[in-house]
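The values are calculated or read from the model by the stated rules, or taken from the named source; none is laboratory data. Please read these numbers as outputs of a predicted model, since none were measured by experiment. Ideal geometry is used to build each Cβ from the backbone, glycine not excepted, and the neighbour counts take in all protein chains shown. Note: areas computed on protein heavy atoms with side chains; ligands, DNA, RNA excluded. Shrake-Rupley method; radii C 1.70, N 1.55, O 1.52, S 1.80 Å.
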Amino acid sequence: MESIWQKTAELPTFPTLEKDIKTDVLIIGGGLAGILTAYKLQEKGINCIVVEKDRICGKVTGSSTAKITSQHGFCYSKIFKSNGFESAKVYLHANEQAVREYEKLCKNIDCDFEKKNNFVYELQNMQLIDDELKALWKMGFDAEFQDKLPLPIKPIGAIKFKNQAQFNVLKFISNIAKDLKIYEKTFVKKLDGNSAITEYNKIAFKKAIIATHFPIINNHGLFFMKMYQHRSYVIALENAQQVDGMYVDQADSGLSFRNYENLLLLGGGSHKTGKQGGNWQELRDFKNLNYPESTEVACWATQDCKTLDHIPYIGPYYKGAKNLFVATGFNKWGMTNSMVSAMILTDLITEKENPFAKAFDPSRSFLKPQLLVNGFESIKNLLTPTPKRCPHLGCALKWNKAEHSWDCPCHGSRFTENGKLLENPANGDLK
Ligand code: FES
């Protein structure tokens, strides 16, 4: 199933690694975060290579809805409550700077970049809107309340962020990536000291960044305790509606809307990976009810890592790590958080202070209520007796009827019907 970006953009191809090599910085994972970091490091004259196990941006980046916004649901009141005012403010500034970075870069790139307002709506609870607005105003941000939206749903209200943007992410990548040193179809199986071991070769590095969506190294960082994954779905509709903006429900299970040219991209049907959810059916029911004249021209699904406190993990892989870094846990907001990753990691690699690094530090306190939920889920699935086990840490796999895959409810690894790896953190096929 190809996304609208995969249908409309042509990505450059890169060779497969065929001999042992050396580099100053190795980036493992050729998604948006890895590519943007490589782009920024190259601008600074740093010798850096990216290795990708399949094709660049073939998974989460290519399946996103490509909305560039610092408004990530009602995250600011939540971060304020869980991590304090300073963290919320840093998160806002970092993501706003990311929006402006895209604006600058996209001036010279043909990627259908358009400035748009972004709206996050709530269907029932006015208190949630009040809390979010209060948090934003306390930080001095110019957010506005909006009581009506040009959509077939009737929310109780919405919050508007002006000057956000949307684009075609793969057209953007095809320009950004073309002069980088990248190896595709090069699968790093493990790290051995300062070497990455691929299926056939070895890459010696001084510093490495793990940007593999869910980190693949288990014996450091405790990411398997600090994250879980969510799936969500999109359909592209012809002859539906021009909505002039980007819209999303603040609830994880809600809908999202944006246009791409003459199409309406309708998102939703989300659920925790390995659980039941609305899938495409929920979106098709909504289309039939609200846009009966429209035609579905594409459908796709994506997968996102969720952290314990709504902030990604970007920085040293574990406390005190000097040459191993990570970028993960973008909580469904990969466009700006990938840019934030590139900004922070470029500074850390070049040993420059970064004003956002502390708030995103992967070693910050993880004593949050979600930790207990994650732990309970893992124990339950580890103890479930079924012959299909996940090669990551051994949880029971669940059959996903909508997508014909075996999905792991613990940390979100997925496999085809025949056991081929689709999504990490598992680092190999089913036996
Ligand atoms: Fe961790 Fe399956 S993804 S046990």
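Can you find a residue that is without any contact (Cβ under 8 Å) to a residue 24 or more places away in the chain, away from the ligand (no atom under 16 Å from the Cβ) and over 30 Å from T186 (Cα atoms) anywhere in segment 371-383?
Yes - at least one qualifying residue is present in segment 371-383.
Considering only residues that are of a type in the set (V, I, T) and either under 29 Å from K401 (Cα atoms) or within 16 Å of the ligand (Cβ to nearest atom) (or both), which ones fall in segment 216-252? If the condition is that a residue be of a type in the set (V, I, T) and either under 29 Å from K401 (Cα atoms) or within 16 Å of the ligand (Cβ to nearest atom) (or both), then I216, I217, V234, I235, V248 are the ones that fit. Listed by first and then second residue, the pairs with beta-carbon distance under 9 Å, at least 6 apart or on different chains, first residue in segment 411-428 and of a type in the set (V, I, T), second assigned to a strand (DSSP E or B) and surrounded by 15 or more Cβ atoms within 10 Å (Cβ to Cβ), are T416/S405; T416/W406; T416/L422. Please tell me if I156 is open to solvent by less than 20 Å² (accessible area, probe 1.4 Å) and either of a type in the set (A, V, I, L, M, F, W, C) or touching a residue at least 24 places away in the same chain (Cβ under 8 Å) (or both). Judged against the criteria, I156 is not a match. Scanning segment 385-416 for residues that are open to solvent by 40 Å² or more (accessible area, probe 1.4 Å) and touching a Pro at 6+ places or on another chain (Cβ under 9 Å) gives L393, K398. Counting the residues of segment 29-46 that are more than 14 Å from the chain's Cα centre (by Cα), aliphatic (A, V, I, L, M) and open to solvent by less than 10 Å² (accessible area, probe 1.4 Å) gives 2.
Are there any strands (runs of 3 or more DSSP E) wholly within segment 361-431 with 3 or more residues that are modelled with pLDDT of 95 or more and not acidic (D, E), and if so which? Give the derivation first.
Details: elements: 398-400, 405-407, 414-416, 421-423.
Here the list reads 414-416.
Of all residues in segment 68-81, those that are among the hydrophobic types (A, V, I, L, M, F, W, C) have Cβ atoms under 6 Å from Cβ atoms of residues that are at pLDDT 95 or above and not in a helix (DSSP H, G or I), 6 or more apart or on another chain, in I68/A165; F74/Q250; C75/H310; I79/H310.
If you go through segment 344-357 one residue at a time, do you hit one that is assigned to a helix (DSSP H, G or I), surrounded by fewer than 16 Cβ atoms within 10 Å (Cβ to Cβ) and more than 16 Å from the ligand (Cβ to nearest atom)? Taking every residue of segment 344-357 in turn, none turns out to be assigned to a helix (DSSP H, G or I), surrounded by fewer than 16 Cβ atoms within 10 Å (Cβ to Cβ) and more than 16 Å from the ligand (Cβ to nearest atom).
Report yes if I217 is among the aliphatic types (A, V, I, L, M) and modelled with pLDDT under 95, otherwise no.
Working: among the aliphatic types (A, V, I, L, M): yes; modelled with pLDDT under 95: yes.
Considered against the rule, which asks whether it is among the aliphatic types (A, V, I, L, M) and modelled with pLDDT under 95, I217 comes out as yes.
Every condition in (1) open to solvent by 40 Å² or more (accessible area, probe 1.4 Å); (2) over 15 Å from T273 (Cα atoms) holds for G419 except the one numbered (1).
Checking S365 against (1) surrounded by 18 or more Cβ atoms within 10 Å (Cβ to Cβ); (2) without any contact (Cβ under 8 Å) to a residue 12 or more places away in the chain; (3) among the small types (G, A, S): exactly one of these is not met. Which one? All conditions pass for S365, except number (1). Looking across segment 395-411 at every residue that is closer than 17 Å to D429 by Cβ and near the ligand (Cβ under 6 Å from one of its atoms), the one that is farthest from the chain's Cα centre (by Cα) is identified as C395. Within the set F214, F224, the sole residue that is of a type in the set (A, V, I, L, M, F, W, C), open to solvent by less than 10 Å² (accessible area, probe 1.4 Å) and touching a His at 6+ places or on another chain (Cβ under 8 Å) turns out to be F214.
From the list K171, K189, K162, K185, the lone residue that is outside any loop (DSSP other than H, G, I, E, B) and farther than 30 Å from S253 by Cα is K189.
Quick check: is even one residue across segment 100-108 within 23 Å of I209 (Cβ to Cβ), open to solvent by less than 20 Å² (accessible area, probe 1.4 Å), part of a helix (DSSP H, G or I) and in contact (Cβ under 8 Å) with a residue 40 or more places away in the chain? Within segment 100-108 (the criterion being within 23 Å of I209 (Cβ to Cβ), open to solvent by less than 20 Å² (accessible area, probe 1.4 Å), part of a helix (DSSP H, G or I) and in contact (Cβ under 8 Å) with a residue 40 or more places away in the chain), the answer is yes, since at least one residue qualifies. Scanning segment 192-211 for residues that are open to solvent by 20 Å² or more (accessible area, probe 1.4 Å), in a strand (DSSP E or B), touching a residue at least 12 places away in the same chain (Cβ under 8 Å) and not basic (K, R) turns up just one, A204.
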